[in-house]
Amino acid sequence: MNEYTEGDIQHALTEDPRVAEQGIRVVRVDDGVVLVGEVESPDRCSQIESVLHEKFPGLQVRCDLSVTRVTAPQEVESI
């Protein structure tokens, strides 16, 4: 894998409507890539992996993505 493939992966993460994630970093490793960042759910991580496997068959993808809990505020913020 070269820097062009890395750029293509980053482009797929931001431009594919099934993913549309800008906050994920792509880190090259010997046997593929590691994805680093935060997503909203474990399902989202699976979806990202699925899209990358579809677009880059044979690429080893490891997700080191954290799941950010998104909940409604518990308190009212006074301004």
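Nothing in this text is a laboratory measurement; each read-out follows from the coordinates by a stated rule. Bear in mind that the values here come from a model prediction, so they are computed numbers and not experimental data. Here the Cβ is made from the backbone with ideal geometry for all residues, glycine too, and neighbour counts use every protein chain on show.
In degrees from 0 to 90, rounded to the nearest 10, what is the angle of the helix 42-55 Cα long axis to the longest principal axis of the chain?
It is inclined by approximately 30 degrees.
As a check on your grasp of the helix formula, calculate [θ] at 222 nm for the chain: sum -39500 (n - 2.57) over DSSP H runs of n ≥ 4, divide by the residue count, round to the nearest 500.
-11000 deg cm²/dmol
Which shape class applies to the stretch 17-61: rounded if a/c is under 1.5, otherwise prolate when a/b exceeds b/c and oblate if not, where a ≥ b ≥ c are the square roots of the Cα gyration tensor eigenvalues?
It is oblate, given that a/c is not under 1.5 and a/b is not larger than b/c.
Using per-residue counts of other Cβ atoms within 10 Å, averaged over each peptide, order 47-54, 11-18 from highest down. Working shown, then result.
Working: 47-54: 16.4, 11-18: 13.4.
Sorting 47-54, 11-18 by mean packing, highest first, produces 47-54, 11-18.
What relative contact order, as a whole-number percentage, does the chain give when Cα pairs under 8 Å and 6 or more residues apart are counted? Working shown, then result.
Values: 93 pairs, mean separation 21.2, N = 79.
After rounding, I find 27 percent.
Starting from the amide H of E21, placed 1.01 Å from N in the peptide plane, find each other amide H under 5 Å away whose residue is 5 or more places distant or on another chain.
T14
Using only Cα atoms and rounding to the nearest 10 degrees, what angle (0 to 90) does helix 3-15 make with the longest principal axis of the chain?
Approximately 40 degrees, to the nearest ten.
Using 7 Å Cα-to-Cβ label points, what is the S50/A72 separation (nm, one decimal)?
Result for the modelled spin labels: 2.9 nm.
For the chain, state the average projected area of the convex hull of the C-alpha atoms over all orientations, rounded to one decimal in nm².
6.6 nm²
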